């Protein structure tokens, strides 16, 4: 019984560390869904610690599996083997926790898919070449493709945006826009509303 309790705690600890490891990328999606996009970059400070948290998750879940699969010593007069373990103490539960932890650890690689692609709905008829402006913003706080999609989605909601290309690796966002329909201040305001900071 003590062994199953220990492996349950270990499984939950592994799940917790997996969620914390991806918190920097989970927050923008939750912020978009809740309509509080200004808090999207709140946990961007976690990103440098992500490799450590991923390693910790793997170690914790590996230990949980070791405890679960380790052969039990056989007691001669024990009726313990007749008791079936509860679902939360079973290998199936640990397997599901491991799968969910894997999904959480991979979250930064597919989080951009959860953002609506507002640029697809845009229709640009014709813009004079003299009327096309281009801005390159340095942005602090982006940690994954979900952050890129968050900024692109918010800026694309403005009228007159021709193209937005955010890049978390370069900490930048390139915006092409129609000077007659939108101003650089409006674009900067839209980026700031996502919770990311523009570096001047």
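The values are calculated or read from the model by the stated rules, or taken from the named source; none is laboratory data. What you see is a predicted model; the values in this text were computed from it and never measured. Note that we place each Cβ from the backbone using ideal geometry, even for glycine, and neighbour counts take in every protein chain shown.
For the reader, a short list of remarks on this structure follows.
- Helices (runs of 4 or more DSSP H) contained in segment 1-73 and holding at least 3 residues at pLDDT below 85: 2-21, 23-34
Residues checked against (1) touching a helix residue (DSSP H, G or I) at 6+ places or on another chain (Cβ under 6 Å); (2) over 21 Å from residue 25 (Cβ atoms); (3) surrounded by fewer than 18 Cβ atoms within 10 Å (Cβ to Cβ):
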site: 154; (1), (2), (3): yes, no, no
site: 166; (1), (2), (3): yes, no, no
site: 170; (1), (2), (3): no, no, yes
site: 173; (1), (2), (3): yes, no, no
site: 179; (1), (2), (3): yes, yes, yes
site: 190; (1), (2), (3): yes, no, no
site: 197; (1), (2), (3): no, no, yes
site: 200; (1), (2), (3): no, yes, yes
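- Residue pairs meeting the criteria (Cβ under 7 Å; at least 6 apart or on separate chains; first without any contact (Cβ under 8 Å) to a residue 24 or more places away in the chain, in segment 145-164; second surrounded by 23 or more Cβ atoms within 10 Å (Cβ to Cβ)): 160/177
- Yes/no for residue 146 being part of a helix (DSSP H, G or I) and either at pLDDT below 85 or touching a strand residue (DSSP E or B) at 6+ places or on another chain (Cβ under 8 Å) (or both): yes
- Only one of the numbered conditions (1) farther than 29 Å from residue 55 by Cα; (2) in contact with a helix residue (DSSP H, G or I) (Cβ under 7 Å, 6 or more places away or on another chain) is violated by residue 115, and that is (1).
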